[in-house]
Amino acid sequence: GLLDRDVSAWPGEARRNPPRSSSTWTIRAPLAEWLRRQSAELHEAKGRYRLLDVGCGVKPYYPWFEPFVSEYVGVDVGGNPAADLEGAVEAIPVEDASFDVVLCTQVLEHCDDPAQAVRELRRVLRPGGHALCSTHGVQVYHPSPQDLWRWTHEGLERLFRTNAEWAAVSVRPSAGTTATIAHLLSIYVDLASRRAHVAPLGRLVIRALQAIGRGVDARAGILREPGPGTLHANYHVTAVV
């Protein structure tokens with residue numbers, strides 16, 4: 001099928017298919033799986049759609065959306081050569097109601113004004129449009145160039161619902177509590193193993209941690225779903241106009 005094409009040569013392959021030995025696997029693998037599925041499901045519902053990728057980077061998810069879009073437009077800050085337009089999420093340089101789908105992945109934690117960002121994401125969408133966003137729940141500090149915000153599932157839903165009118169807002173954790181703990185441990189295992197010049201051993205430990213974390217969560221619904229005492233590294237937000 002269209003999603004089974006070999007797109008490994010396109011930039012961002014490590015985001016589309018992160019190795020299990022990567023300390024970021026717990027965030028990147030579920031995000032990639034979600035967006036890959038959404039690319040086709042949106043086509044089934046809408047036909048060909050016009051997509052805006054806000055904070056596009058190297059457009060790592062373009063190969064999955066490309067078969068289904070009429071146009072894929074990337075916007076970013078900092079003179080990104082892969083971007084089609086330059087601008088921040090708080091001031092997206094496009095007309096009102098001009099896109100069917102907007103992506104905003106791992107951007108909200110870095111932006112100056114998340115409330116204004118949500119208003120802008122809503123402004124650029126046509127009636128029936130979808131915003132697909134992701135951002136952190138629990139994560140280490142990682143400035144790019146700044147790192148300002150973290151959310152709970154309730155906080156993210158409130159952020160979207162109180163700053164724009166949406167027909168529906170869904171916030172889902174990308175991974176459960178044990179996987180999140182494994183992710184945090186993996187970051188420090190990676191750092192320590194590199195400094196000790198035993199990176200291959202570190203990758204083996206990380207792979208084992210990721211497998212244990214995902215395996216435990218798969219067997220315990222109370223750890224997968226948001227609730228008192230849970231931790232979630234990342235959230236996926238679907239907001240529908």
Considering residues that are part of a helix (DSSP H, G or I) and open to solvent by 60 Å² or more (accessible area, probe 1.4 Å), the number found within the range 154-191 is 9
Looking only at the range 34-72, and only at residues there that are touching a residue at least 24 places away in the same chain (Cβ under 8 Å) and of a type in the set (Gly, Ala, Ser), the one that is farthest from LEU125 (Cα to Cα) = GLY57
First in the range 212-241 and in contact (Cβ under 8 Å) with a residue 12 or more places away in the chain, second anywhere and among the aromatic types (Phe, Trp, Tyr) and in a loop (DSSP other than H, G, I, E, B), Cβ under 7 Å, 6 or more apart | TYR235/TRP151; ALA239/TRP166; VAL240/TRP166; VAL241/TRP166
Check the range 122-130 and report whether any residue there is out of contact with any Ser or Thr (no Cβ under 7 Å at 6 or more places or on another chain), open to solvent by less than 30 Å² (accessible area, probe 1.4 Å), under 18 Å from ARG158 (Cα atoms) and of a type in the set (Gly, Ala, Ser).
-> no
Residue pairs qualifying under the 8 Å Cβ cut-off, at least six apart or on distinct chains, with the first in the range 145-157 being in contact (Cβ under 8 Å) with a residue 24 or more places away in the chain and the second being open to solvent by 80 Å² or more (accessible area, probe 1.4 Å) and acidic (Asp, Glu), are LEU148/ASP112
Just give me the residues in the range 192-225 being open to solvent by less than 40 Å² (accessible area, probe 1.4 Å), over 16 Å from THR24 (Cβ atoms) and either among the small types (Gly, Ala, Ser) or not in a helix (DSSP H, G or I) (or both), in sequence order.
-> GLY215, ALA220, GLY221
Single residue of LEU3, LEU52 found to be of a type in the set (A, V, I, L, M), modelled with pLDDT of 95 or more and open to solvent by less than 50 Å² (accessible area, probe 1.4 Å) | LEU52
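The values are calculated or read from the model by the stated rules, or taken from the named source; none is laboratory data. All values reported here derive from a predicted model rather than from experimental measurement. Ideal geometry is used to build each Cβ from the backbone, glycine not excepted, and the neighbour counts take in all protein chains shown. The accessibility values were calculated without ligands, DNA or RNA, using every heavy atom of the protein model including side chains. Shrake-Rupley method; radii C 1.70, N 1.55, O 1.52, S 1.80 Å.
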